[in-house]
Amino acid sequence: MTELAAQQCVPCRGGVPPLTGDALVTLQRALGGDWQVVDEHHLEKVYPFDDFRQALDFTVRVGEMAEEQGHHPDIGLSWGQVTVTIWTHKIDGLTESDFVFAAKSDQLVPAE
């Protein structure tokens, strides 16, 4: 995961085919954790927290990172959990930048 997290998200200009098959499997293995590849279309992970405040703080950190990276996920905030769903909207599928964003998101979780 650290190799992915060390990279930067690259803006997609369109015209690039979404990742499929073996490429997705390889990147998911490199990512590790509880990220799910859903329908070869998007990545999704539910982050558990002890309370709403921790979940809200994480949501803000992910949002700030999204602005820095120029890559924006769907973020679902509820009591004690945050769901992050990411894909490259321009091509309506997954690119390596989605996996980079996922790895960077994992690094935003506070150490216990």
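Since every read-out is calculated from the coordinates, none of them should be taken as a lab result. Values in this document were obtained by computation on a predicted structure and should not be read as measured data.
Against the main long axis of the alpha-carbon atoms of the chain, helix 52-69 sits at an angle near 30°.
Principal-axis analysis of the Cα atoms of the chain puts helix 96-106 at an angle of about 10° to the longest axis.
The structure shown yields Rg/Rh (Cα atoms, Kirkwood Rh), and of the options (i) 0.95; (ii) 0.99; (iii) 0.93 that calculated value carries the label (i).
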